[in-house]
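Below you'll find the structure, written out as structure tokens, and then a few comments.
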Amino acid sequence: MRYLLPAFLALTAALSAPAAPPDLKGKTLDATFAELLPAIGKRETAAQQRWQELCFAVGAPGNEKLREEACKLMAAKLDDKTPKPARLWLLAQLQRIGNEESVDAIAAAAGDTDDEVREAAVRALANNASPKATAKLADKLADAKGSAKVGLLNALGRRGDATAVAAVAKELAGTDEAASVAAARALGRIPGAEAAGSLAAAREKVKGATRAAVADSLLAHADRLLKSNKAAEAAAIYAQLNTKDEAKPVRLAALRGVIQSSGDKAGELVLEVLASDDAGARAIAVGQIEGLSAGALKALASSTDKLTVPNRVLVVTAIAARGEKSLLPVAAAAARDADPAVKRAGIVALGRLGDAGTVDQLLEIMSSKDAAAGVATESLAALPAEGVNEKLLAALDAEKTPARTVALIGVLERRKAAAAVPALLKAATGTDASVRTAAFTGLKSVAAPEHIPGMIAAFLKSEKGKDREQAQEAVAAVALQIANAEKRAEPVLAAIKDTAKDRAADLLPLLGRIGGTDAKKTLREALAGTDPALHDAAVAGLCNWPDATANDDLLALAEKGKDAEKVRALQALTRVNTVLVDRTPEERLAALAVLKRAMELSTRDDERRAILEGLGNVRQIETLHYVLPYLDQPALAEAACKGVTGLAHSKTLREPNKAEFAKALDRVIATTKDKGLADRAKGYKNAQ
């Protein structure tokens, strides 16, 4: 903090320092204005732009004398001797920087016969910081008519100056409805008891649009009072408007205010409204539930049995949204309700409000055949309280039913419960296949690198097939947490060294999933050895390899391996070289070269089709050149169409090669039998 303080003080000083005076290029402000004025407002904008920049500069703090001088210069030129465009431009500048020195001149312009000039002057007075501006605007009200009067009233409302209340309030009773409405709105923008009192006094005397505007403005006063923590004063206004005599929108807005200003009594009021037959009022009451005070919410929750089912659901949902933990018993009771909708809302609320003591109730629902069992699972997964994981682990230890065990493991996985690792390792060696699969899925999410040896031990106890695939994926995923890629395979390499020879073959496919230099060396040694089991396992490991760094080994297998090995090697080459990842142009060209060789080695059309489709992710123009001829081969044309369209998806490749892609996409559109693919091709072509 001691290092930040000097910088903060320096910044504060810089911000509060006087602004530099404008650059007048050696001339006086008077001379500059006289030079620029003849061109201000004309088609060429350089002069008015220059004067505007000067006005911005003199309006900055520290240039008060220059600001006043500039405003006096402009004020002196507001009469009708100055062309109208220039007057409008000068008034726009005075609107931004004018003060008391310009009020009289602007007020004179506000009486101009030209509507545009008059309105610009009124706007300038509305923004003027001098109290005199309020008086000038108010003085003009008596003689003004029509839109001119409306403009003055709007300006007075914009200023929000209480000294204008009396003058504005007189217009409420006028015969010009537009002016009366403007007066009502202006009084709504002027804070204070006098303006609110004038509106209240006029409320019963006016009709139509004026009455509506009066009501809206009274609501604005009440809302301001409420925000200022003057709830009692606000409530009095809301109460006046919350009657059947008012238009429905006003009455409902007033009801909202009544609820918001009622403090702890608001709960009883909401309860009363929810029990009524007024749909609009009920909607307002529902919308206020989440904002109720703790006391009001408690009062409401204690009487939910008096509400209809939809409203009970809304109340319980609001309790959950508020996170009002003191109302946990209400949520628990709702979760036991006979009505499915209320029960569901209660279960959801338990997931937000509950504690460790809630676990048993949720487990009971989750383990039942109740339609809400899935909701209970979601709530258990979300339950934020301490001690929940411990109770879930105890339940897992005691559970004997595979389906429930799987569900509990799923909850612990979603909770990212690291403490569950020992229990999951135990479950991973169990007798039920579904439990083993769930356990390894959970370990994939919650285990850490230090748990890999235990996971390998569990993996070695798993059965070949789907079980082992899940286990391999889990170990490989946890190994990825090790930052140094070359160290990720160390736990598996250590296990291979320490285990019996016949079990080493079980670990080689897993080793391939993880990768790394030492892993590749071990696989090569096994591949070159005389043990058939180790050889086959090494082939599986290389075909599991996660990236293109084993391309040479896979190509060798595809060239010289047994038939089954060739097929697997070609599939692996296609997978690692067509995956859509960030690559340099050199890496993409290398992948293209490998895939060309794979095409040469392929003996089956399904292999060739997979390569051609995958080439859509090798985004080089050379790839397009390679794929295009295959559009002429009926057995491979559809796959080639997909490859070309995949390449066209890349805007960075397509844009620099528009002509080539236009021709290629035309061929795709003419060749493919897949309407969706044709539409995509048309879209890429039209986007060029």
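The values are calculated or read from the model by the stated rules, or taken from the named source; none is laboratory data. All values derive from a computational prediction rather than experimental measurement. Because the Cβ atoms are built from the backbone with ideal geometry, glycine has one as well, and the counts that use them run over all protein chains shown. The area values use the complete protein model at the heavy-atom level, side chains included, leaving out ligands, DNA and RNA. Shrake-Rupley method; radii C 1.70, N 1.55, O 1.52, S 1.80 Å.
Residues of region 22-36 that are under 16 Å from ALA76 (Cα atoms) and open to solvent by 30 Å² or more (accessible area, probe 1.4 Å): ASP30, ALA31, ALA34, GLU35. Taking the residues in region 145-166 that are among the basic types (Lys, Arg) and under 24 Å from ALA200 (Cβ atoms) as candidates, determine which candidate is surrounded by the most Cβ atoms within 10 Å (Cβ to Cβ). Selected residue: ARG159. Within region 509-568, being under 28 Å from ARG588 (Cα atoms) and not in a helix (DSSP H, G or I) holds for GLY515, GLY516, ASN544, TRP545, PRO546, ASP547, GLY561.
In the condition set (1) touching a residue at least 12 places away in the same chain (Cβ under 8 Å); (2) not basic (Lys, Arg); (3) not in a loop (DSSP other than H, G, I, E, B), GLU386 is compliant with all but (3).
Looking only at helices (runs of 4 or more DSSP H) that lie completely in region 286-381, which have at least 3 residues being more than 21 Å from GLY263 (Cα to Cα)? Break it down into steps so the answer makes sense when it comes.
Working: elements: 294-301, 309-322, 328-335, 340-353, 359-366.
So the answer is 309-322, 328-335, 340-353, 359-366.
Exactly one residue out of ALA526, ALA569 is surrounded by 15 or more Cβ atoms within 10 Å (Cβ to Cβ), closer than 20 Å to LEU493 by Cα and over 42 Å from the mean Cα position of the chain (by Cα): that is ALA526.
Looking only at region 643-653, decide whether some residue is under 32 Å from the mean Cα position of the chain (by Cα), crowded, with 21+ Cβ neighbours inside 10 Å, modelled with pLDDT of 95 or more and small (Gly, Ala, Ser). Within region 643-653, one or more residues are under 32 Å from the mean Cα position of the chain (by Cα), crowded, with 21+ Cβ neighbours inside 10 Å, modelled with pLDDT of 95 or more and small (Gly, Ala, Ser). Please determine whether any residue of region 532-542 is open to solvent by 10 Å² or more (accessible area, probe 1.4 Å), in contact with a helix residue (DSSP H, G or I) (Cβ under 8 Å, 6 or more places away or on another chain), more than 22 Å from THR574 (Cβ to Cβ) and not aliphatic (A, V, I, L, M). There is at least one residue in region 532-542 that is open to solvent by 10 Å² or more (accessible area, probe 1.4 Å), in contact with a helix residue (DSSP H, G or I) (Cβ under 8 Å, 6 or more places away or on another chain), more than 22 Å from THR574 (Cβ to Cβ) and not aliphatic (A, V, I, L, M).
Residue-level check: of (1) basic (Lys, Arg); (2) surrounded by fewer than 17 Cβ atoms within 10 Å (Cβ to Cβ); (3) within 27 Å of ASP337 (Cα to Cα), LYS400 misses just (3). Would you check if ARG211 is charged (D, E, K, R), more than 39 Å from the chain's Cα centre (by Cα) and either within 26 Å of ALA142 (Cα to Cα) or assigned to a loop (DSSP other than H, G, I, E, B) (or both)? So ARG211 fits the description; yes.
The single residue among ALA279, ALA275, ALA301 that is open to solvent by 40 Å² or more (accessible area, probe 1.4 Å) and either more than 27 Å from ALA212 (Cβ to Cβ) or of a type outside the set (A, V, I, L, M) (or both) turns out to be ALA275.
Every condition in (1) of a type in the set (Lys, Arg); (2) modelled with pLDDT under 95; (3) closer than 28 Å to GLN95 by Cα is met by LYS207 except one, and the failing one is (3).
Does GLU622 count as modelled with pLDDT of 95 or more, acidic (Asp, Glu) and closer than 26 Å to GLY515 by Cβ? Give the derivation first.
Numbers: modelled with pLDDT of 95 or more: yes; acidic (Asp, Glu): yes; closer than 26 Å to GLY515 by Cβ: no.
Judged against the criteria, GLU622 is not a match.
The residues listed here are GLU469, GLU463, GLU473; of these, the one that is outside any helix (DSSP H, G or I) and within 22 Å of GLY410 (Cα to Cα) is GLU463.
Let's see how each residue does on (1) within 25 Å of PRO340 (Cα to Cα); (2) crowded, with 21+ Cβ neighbours inside 10 Å; (3) of a type in the set (Asp, Glu):
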| position | (1), (2), (3) |
| --- | --- |
| ILE237 | no, yes, no |
| LYS248 | no, no, no |
| ALA254 | no, yes, no |
| SER262 | no, no, no |
| PRO310 | yes, no, no |
| ALA318 | yes, yes, no |
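Rundown of residues vs (1) open to solvent by 80 Å² or more (accessible area, probe 1.4 Å); (2) under 27 Å from GLN472 (Cβ atoms); (3) at pLDDT 95 or above; (4) in contact with a Phe, Trp or Tyr (Cβ under 6 Å, 6 or more places away or on another chain), yes/no style:
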{"site": "ASN551", "(1), (2), (3), (4)": "no, yes, yes, no"}
{"site": "LEU554", "(1), (2), (3), (4)": "no, yes, yes, no"}
{"site": "VAL576", "(1), (2), (3), (4)": "no, yes, yes, no"}
{"site": "LEU615", "(1), (2), (3), (4)": "no, no, yes, no"}
{"site": "GLN633", "(1), (2), (3), (4)": "yes, no, yes, no"}
{"site": "CYS641", "(1), (2), (3), (4)": "no, no, yes, no"}
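What about ALA215, is it within 18 Å of GLY160 (Cβ to Cβ), open to solvent by less than 60 Å² (accessible area, probe 1.4 Å), out of contact with any Ser or Thr (no Cβ under 9 Å at 6 or more places or on another chain) and without any contact (Cβ under 8 Å) to a residue 60 or more places away in the chain? Criteria not met by ALA215. Candidates are the residues of region 457-473 that are within 38 Å of the chain's Cα centre (by Cα) and over 11 Å from ILE514 (Cα atoms); the one that is most open to solvent (accessible area, probe 1.4 Å) is GLU469.
For region 94-103, the count of residues that are modelled with pLDDT of 95 or more, within 15 Å of GLY160 (Cα to Cα) and either within 46 Å of the chain's Cα centre (by Cα) or surrounded by fewer than 17 Cβ atoms within 10 Å (Cβ to Cβ) (or both) is zero. Taken over region 57-87, the residue count meeting the criterion of being of a type outside the set (D, E, K, R), touching a residue at least 40 places away in the same chain (Cβ under 8 Å) and open to solvent by 50 Å² or more (accessible area, probe 1.4 Å) is 4. So, of the residues in region 407-419 that are within 16 Å of LEU362 (Cα to Cα) and assigned to a helix (DSSP H, G or I), which turns out to be most open to solvent (accessible area, probe 1.4 Å)? The qualifying residue most open to solvent (accessible area, probe 1.4 Å) is ARG414.
Determine, yes or no, whether GLY323 is small (Gly, Ala, Ser) and more than 30 Å from ALA395 (Cβ to Cβ). It is false that GLY323 is small (Gly, Ala, Ser) and more than 30 Å from ALA395 (Cβ to Cβ).
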